[in-house]
Structures are given as structure tokens and as C-alpha cells.
Amino acid sequence: PQTIHLADYQPYPFRVARVELTFRLSPRATRVLSRIAFAANPDRPGRHDLFLHGERLRLLSARIDGTPVPAAALVVTDEGLTVAAHALPEGPFLWEAEVEIDPEGNTALEGLYMSGGMYCTQCEAEGFRKITYYPDRPDVMAPFRVRIESDLPVMLSNGNPVGAGAGWAEWDDPWPKPAYLFALVAGNLVNLPDRFTTRSGRKVDLNIWVRPGDLDRCAFAMDSLIRSMKWDEDTYGREYDLDVFNIVAVDDFNMGAMENKGLNIFNSKLVLASPETATDLDFERIEGVIAHEYFHNWTGNRITCRDWFQLCLKEGLTVFRDQQFTSDMRSGPVKRIEDVLTLRARQFREDMGPLAHPPRPSSFVEINNFYTATVYEKGAEVIGMLKRLVGDDGYARALDLYFDRHDGDAATIEDWLKVFEDATGRDLSQFRRWYTDAGTPRLSVAEDWAPGDQGGTFTLTFTQSTPPTPGQEVKPPRVIPIAVGLLNPNGDEVVPTTVLEMTEATQSFRFDGLASRPVASILRGFSAPVVLERSVPAAEHAFLLAHDTDPFNRWEAGRALAKDTLVRMVAEDAPASPDYIAALGRLLADDALDPAFRALCLRLPAEDDLAQTLADTGRTPDPDRIHAAREDLARAVAQALERPLAATFEAMADGGPFSPDAAAAGRRSLRVAALALLNHLDGGARAADLFDGATNMTERAAALACLIEAGRAAEALAAFHDRWRNNRLVIDKWFTLQVVHAAPAHAAGVAGQLAAHADFDWRNPNRARALLGGLAANHAGFHDASGAAYRFYADWLLRLDPVNPQIAARLSTAFETWARYDADRRALVRAELERIRATPDLSRDLSEMTARILG
Ligand code: HT7
Ligand code: ZN
């Protein structure tokens, strides 16, 4: 397969003035008629062939200015068609084509496909070429008019509705857009309607379209949409720009959701929610993703990407914006901790393994393989750092300039950095490395204290270095904003949060005039995505856990204590640290603290995280020992804190009617965190009661997880399945819980049994992810020394690949950490990866991933 390089970018030789499409829908033979007005692109002078992307299309006719294109001037391949330059008129011309496609046979869910009897599209990144011949690249932007013909009651496309009659509907999108934002939906759908009036008075019709029967689970998504629209006006001054905004929920969908102009398409799990069927985490995700896709209207749609290498321009910024939104809607500190947990679990893991790449990669084989935590989450962190460096006002000025200068453009990371330079006067050439260099910098700190007559001087000396990553051996130093605060020994803050700007490989910062040696709180708010390497006595962590005014670092101190004790339990067979447990007890008893924050402190570090920490410090992680140590620590905490945990479990019980808000969700999260610990003592007794009595899915699912871990879930699992057999999203949970919480030695066996269950509809991405993603999330189960899980998993990747390569490729990242483990496990994984690689006709997606993982 061909590698595409950023350095080879060239503008497309033609501009598209207008696109008109007619769809005659039919499950096995949809006809697509296109009329595309082309003109020469002055940015690419000279005469050029006309190349249009097209895959899996049956070309029925092709004309230019009404005349059939002569066969001698036309070359059609698997990737597209070319009309020779000599056959093109000198001035603007009209291309007309008719193609036939097969939506029902489209199992890859890219292009036009069918889901539960409904037609639906997914065009990002390169799916439009499976719909018709077109320059399917983001820098070609045009207004679209779409006519849909079918006997289905609902027919939707981008933009505003401009006409409808028996068997047809027409839509017009006046905003020039790239083809990846095209969308069409047709089916037997019902809608939840609402209305939003923008601050300049535009009345916008809002609709959430779902299958009949799902309508009673759309209210929270609609409320989230309205809050997102208002927030973007208040915070970024961005208004909506069409008369309608439609959201459609689809059961078969490769990712979370898609920001098509005026017609967002969502995985139904990110729309449908009720207290009985969705957990608090589901509610929070729905709110965040509804906001994310809506925010793309400006950061992605009005200003799009010049090419796919610039993906983080829209994704990093839009994730950053959705994180700000959630932090404003809920608790800022809790959101920051959750985001850092995700970043470390997914992006640090990626950055430390064979799939490491910069937020802006410089080459790819299959762009779908680059919708990664690095592009999304690290892309957002990089923007957070920019904001920290230029300040809130500088950020606001830069964003205003970005929207003014680039509205209607297909922009680049260079354009983005330039608006910050122009708005703030800063030179960002060194900062640019955050976009071009892969890898997570390591930051070590040395402290020095020099007492003096005029007060003492405290000096922090930082050293940064970034380990090599594939294709990038040497990493020059980056600009790192390090937020620091100093506390005096009685816990008062003597230096409030100050952002130090580190630009050298080693650099010192002095704080003068201090009465006594302070305790440093470093990297407050996780001010940069780095690994802080600092060996600090446990007493100092305990001090910060008790006194730090920065909530993130307060949590981080507790986390460090938990990791220290777990690492010593694994590596040295040490007992659980009583100091850690005592500190946790003080925190649990502090009713002034937000319950959600306390719940996060009670959550022990994940096994995968410990494996990474051990590997980082030169030790070979043993998944069984890690699992055992984590269980032992949970039991020790439960034994020592049984009374306060039991009291918390009772005190956090829901009194009134269900609310999905942050306060109520925080209480539930503390309740189920206490339950999970107590489960180690009561053998599932409380969980059994809660399972029977719960009125919401957060508590019911948590209780079921505890019952599975306690080995007494058979009845509950049957009852759960029985009650929810017709709800696909809840049955996904039923699959996941069983495999995530299975005892490690049985995980592969449980997964095998579930794969044989009649409900294991593996062509549905949610269902495949529920089972396989669940198995990969069971760290000790996935890495069981027998290799049974590796084999099972690889078998399924091979089965999925010809049906849905995107899903197979994404799931293959479960193997990305293989080099951390012992020689036996490495040999087992290597054999599976080699087996995959040797399979004939592997997709471009999975073959690129296996090659990169193997290294
Ligand atoms: N921009 C979208 C990314 C995307 C996608 C979504 C659904 C299915 C396939 C997809 N491929 C790429 C989603 C987002 O970031 O908002
Ligand atoms: Zn996005």
C-alpha cells in the first residue's frame, strides 16, 4: 500500500463552484446522479487531467458539458477515474455522472449503508468516494444541493429543507463544505422537536431523529444541544448559521458521532438515555459528544482542514472546547482529573509504544488509523498549554482572529499558530514542536533550599528529555508551561500558582524571600502533558493530599501514594501502606469535599497503568501479580475503613427523584466506589440488595459488576438479560460487564461463550467492541499466560477485517503494549501478529496497524 506524505501536498487543480446530487434509493442498487461545476484553480496553474476519487462504484454514464466523455480519454481504476486534460474544455465545465451503489452490501459502514432498514452515510475521512466520483479531499469545498427519492417517510440531508413531495425531498446547503461533511439519512424515523433562537434572532428548528420506540430517551440529548448552542455564543461568540439542526441516532456506527453540516449523525449510545438504561458516565458522555459535534460547526466545518495531516486542527480544538464546556456544566477539578486519567490511559500508552506519532503526523497509509488519542486528546492538551502561555485574554484575541481570518478556509496548523503569534506578539516556533514531535517528555526536578537573612531562596531545577519514538530518534527541548505553587510547612500557600516557562533542556527557577523551606506543588492542574519524575517521601505526598489548594495536585498526591504502595506490593511483596490507607480515610471523612472528588480518590490505579509504570522503571510487569496486588490493596482498604465506607455507602443513597446532574452523579459515584471496596468483605451481600433495589443503571450495573467479581452473578445476569433483551445498548453492557469482571484465568473462556451467544451480533460495532474491547480491558485476563485471550482476539480481528476493516484496525491497538511483557508473552503476541500479517487480502487498515505494532 502507498504511503501518503505531508510534504507532497499540492492544491487540487480545479475548484468546485457547485454540486447537485440526486439519490434514487434502493437497498441493493441506489442510483446517484451528480452535476458538478468545475473551474480551473488559480493556485495550481497549467493544464491538468481531471482526477476524481471513486471506489466500489458502477459507472453508468459520464458527460462533460452535456457530451459523453470519450472512452479513449477516460481511465477508471479501483481508486477513481481520470479524464485526460486534452478532453477538458479550457474554461469552467459541468461534469455529470450516474453511478450505482449497493448500500445493503456495505458492511464497512463507510459511504452510504443501511442500518436497521434505514439509509445512512458516513463520509469522514474518505467515504464520499464510495458514493460518487468526486475530488474527495478536505480542501475542495462547495455548496451542495441534494434531492432524495424514495418511499420512506423521512429524508434528510445537509443544510435547509427547500422542498418535499410524495416520494422526494430536497435540501440546500449554502455553506461551502468538503465532501467529508456530506450526509444523507432516510428511514422510518420519529423526532423530538425543539427550538433555539440565536442571540441575533435566528430561529432554529432542532430535531433528534430516532427509531419509533426510542423517543422517550432523547430529552437529555436535546437539553445538552440547547446548552451547547448557548455556551458557544456566550464563550466563543459563535452562532449557529442554518434554519435547522438535525441529529439522527443510528445503531450501526463505527465511531461516536459525526459533525456533518446541519445533520449530525450519532451512534445511538451517545443519544439515548434514561435513568433505567444509562449510567451517569453515559449521561456525561452524551452531553460532551453532543457539544463536541455541535462545536465542530465552527471548528471543523466553517474552518476545516487543508488535508488530513491537519486533523488535530479541528479535533484537538474541538475536544478542548468540549472539555471547557463540561467543566463549566459540571465540576472543573473533577473534569480535569477525568481528562488526565483518560489521557494517561490512552494517549501516554500510545506515545510510549510502537504506535507513537505526533499530533500532526507527517505520513500515513490509512488515515482512519490516525483518529487517535494523540490527535484528539493530546491535540487538546497542546491547546491548553497555548492558552496557559498566552493567558486567557491572549487566547480570546487569537480565537477571534482565527474565526475572522479563516472563516471559509481549509487551514493548517501553521495558520493556527500564526493567529496566536499575530494576536499576542509571541514567537511560537519552539512551541510548534508539540505538533511535530511524538513522545511524552520526562520532566525531572531537583530542589535546593538556601536559608538567608532576608529570607531563604528555594530553587527548582528542571530537566526535560523525550525518549525516541518510531522514526524520530532525537528530540530537541520543548516549551513546557509548569504551573507551580509553594506551601509553607503549616499548609498555608506562600506562593500562589505561577506558570514557569521552561524552554531549555535544563533550567532553574528561584523563589526568594521565603521564611522557611516550602513544599512545592508542581505541575498544578496538569499544566503540560509530561511525566513528572520526582521521588518524594510519602510524607510529602500525604501533606499535599491534605493541604494542596490545587485540587488536581491534591488528587495527584493521593494517586502517587496509591501507586507507590502498589508498586512495592508487586515488586517487593510489601504489605499495603497503612499511611496511604489512613490518608484515604481522612479524605473519605471530609464531608466538605465534593463526593465526586472523593470517589476519584477512592478509585485505585488501573492494572494497565501499573504495568506501564513498572515497565517505565525498568521492570517487567507480571499481570497476575499486579492483579493480585490491586485486589489485596482493595481488601486492605476495605478492612481498615469498613465503617466509614459502609456509612458513606448508606449516606450517598439517592433520596429523591433521579437527576443526571453532576451533584447527584457525584453522590452515586462515591456510593458505588464504596460498594466496590466493601464487596471484598461482604462477598456481594450489599451488591445483591442493591441489584434488586436499584432504580438507576449506574447502581444496577455497579452491583452486577460486584456480583460477577464475587462469583455469584448467575441469577442476576439472567434477570438482567431478561429485562433488557430488547434494548441493544443495555445488552452491550451485559456483554462487557461479564468479560471485564471475569476472573483473569477465565476471561478468554467467558468471552468464547459470549461470542457463541445468539445476541452476539458481531457485525454491529458496538456489540463487537462490547465483547472484544471488554476482554482487552481485563488486563490480567487479556495477558493470561496461556495466550488463550491473544488467540481468541486475533481470530476475531481476522474475522472482522473483511467485513469492517476500521473496527478491526481500531481493536488491534489492544496489542500495542506487547513489548512491555516477558519473553513468553511477547512470543505469543508476536505469533498472533505474524499470523494476522501473513493473512492474504488483509485490509490496508489492519495491515498498516499490524506492521506498525510489530515495528
Ligand atoms: N469527526 C468525526 C471523526 C470520524 C468518524 C465519526 C464516525 C464514524 C467514522 C468516523 N471517522 C472519523 C468524529 C468527531 O471527532 O467528531
Ligand atoms: Zn471531533
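The table below lists the values:
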{"item": "Single condition Leu610 does not satisfy, out of (1) under 31 Å from the mean Cα position of the chain (by Cα); (2) crowded, with 17+ Cβ neighbours inside 10 Å; (3) more than 22 Å from Asp822 (Cβ to Cβ)", "result": "(3)"}
{"item": "Among (1) touching a residue at least 24 places away in the same chain (Cβ under 8 Å); (2) away from ligand 1 (no atom under 13 Å from the Cβ); (3) surrounded by fewer than 24 Cβ atoms within 10 Å (Cβ to Cβ), the one test that Val289 misses", "result": "(2)"}
{"item": "Residue check for Glu124: assigned to a loop (DSSP other than H, G, I, E, B) and either within 16 Å of ligand 2 (Cβ to nearest atom) or of a type in the set (S, T, N, Q) (or both)", "result": "yes"}
{"item": "Among residues of the stretch 302-321, those that are among the polar types (S, T, N, Q) and near ligand 2 (Cβ under 10 Å from one of its atoms), counted", "result": "1"}
{"item": "Subset tally (residues that are over 21 Å from Ser843 (Cα atoms) and either part of a strand (DSSP E or B) or within 16 Å of ligand 2 (Cβ to nearest atom) (or both)) for the stretch 104-118", "result": "3"}
{"item": "Flag for Thr342 being within 16 Å of ligand 2 (Cβ to nearest atom), in a helix (DSSP H, G or I), in contact with a His (Cβ under 8 Å, 6 or more places away or on another chain) and at pLDDT 95 or above", "result": "no"}
{"item": "First in the stretch 109-122 and more than 15 Å from ligand 1 (Cβ to nearest atom), second anywhere and of a type in the set (Gly, Ala, Ser), Cβ under 7 Å, 6 or more apart", "result": "Gly117/Gly187; Met118/Ala186; Met118/Gly187; Tyr119/Ala186; Tyr119/Gly187"}
{"item": "Sole residue being within 14 Å of ligand 2 (Cβ to nearest atom), at pLDDT 95 or above and over 23 Å from Ser812 (Cα atoms), chosen from Phe266, Phe283", "result": "Phe266"}
{"item": "Single residue of the stretch 815-842 satisfying the filter (in contact (Cβ under 8 Å) with a residue 40 or more places away in the chain and under 13 Å from Arg852 (Cα atoms)) that is farthest from ligand 1 (Cβ to nearest atom)", "result": "Ala819"}
{"item": "Restricting the stretch 367-381 to residues that are in a helix (DSSP H, G or I) and within 21 Å of Glu110 (Cβ to Cβ), the residue that is nearest to ligand 2 (Cβ to nearest atom)", "result": "Tyr376"}
{"item": "Filter result (surrounded by fewer than 23 Cβ atoms within 10 Å (Cβ to Cβ) and more than 13 Å from ligand 1 (Cβ to nearest atom)) within the stretch 297-313", "result": "Arg302, Ile303, Arg306, Asp307"}
{"item": "Selection within the stretch 1-58 - among the acidic types (Asp, Glu) and touching a strand residue (DSSP E or B) at 6+ places or on another chain (Cβ under 6 Å)", "result": "Glu20, Asp49"}
{"item": "Failed item in (1) outside any helix (DSSP H, G or I); (2) under 18 Å from the mean Cα position of the chain (by Cα), with Pro354 passing the rest", "result": "(2)"}
{"item": "Search result, residues across the stretch 232-277 that are within 11 Å of ligand 1 (Cβ to nearest atom), crowded, with 22+ Cβ neighbours inside 10 Å and of a type in the set (A, V, I, L, M)", "result": "Val250, Ala257, Met258, Ile265, Leu270"}
{"item": "Residue selected from the stretch 589-607 under the condition of a type outside the set (D, E, K, R) and assigned to a loop (DSSP other than H, G, I, E, B), by the criterion nearest to the chain's Cα centre (by Cα)", "result": "Ala606"}
{"item": "Failed condition for Thr132, given (1) away from ligand 2 (no atom under 16 Å from the Cβ); (2) of a type in the set (S, T, N, Q); (3) farther than 26 Å from Arg47 by Cα", "result": "(3)"}
{"item": "Listing of helices (runs of 4 or more DSSP H) fully contained in the stretch 693-754 that carry 2 or more residues being outside the structural domain of Ala788 (by TED's automatic domain parsing) and without any contact (Cβ under 8 Å) to a residue 12 or more places away in the chain", "result": "714-724"}
{"item": "Some residue of the stretch 28-49 being surrounded by fewer than 19 Cβ atoms within 10 Å (Cβ to Cβ), on the phi > 0 side of the Ramachandran plot and of a type outside the set (S, T, N, Q)", "result": "yes"}
{"item": "Matching residues, the stretch 314-353, being among the aliphatic types (A, V, I, L, M) and either away from ligand 1 (no atom under 12 Å from the Cβ) or in contact with a Pro (Cβ under 6 Å, 6 or more places away or on another chain) (or both)", "result": "Met329, Val334, Ile337, Val340, Leu341, Leu343, Ala345, Met352"}
{"item": "Per-region count, the stretch 477-487, residues in a loop (DSSP other than H, G, I, E, B) and in contact with a Leu (Cβ under 8 Å, 6 or more places away or on another chain)", "result": "1"}
{"item": "Residues of the stretch 435-460 satisfying the condition of being over 35 Å from the mean Cα position of the chain (by Cα) and among the polar types (S, T, N, Q)", "result": "Gln454, Thr457, Thr459"}
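The values are calculated or read from the model by the stated rules, or taken from the named source; none is laboratory data. What you see is a predicted model; the values in this text were computed from it and never measured. Cβ sites come from the backbone with ideal geometry, for glycine too, and all protein chains shown count toward neighbours.
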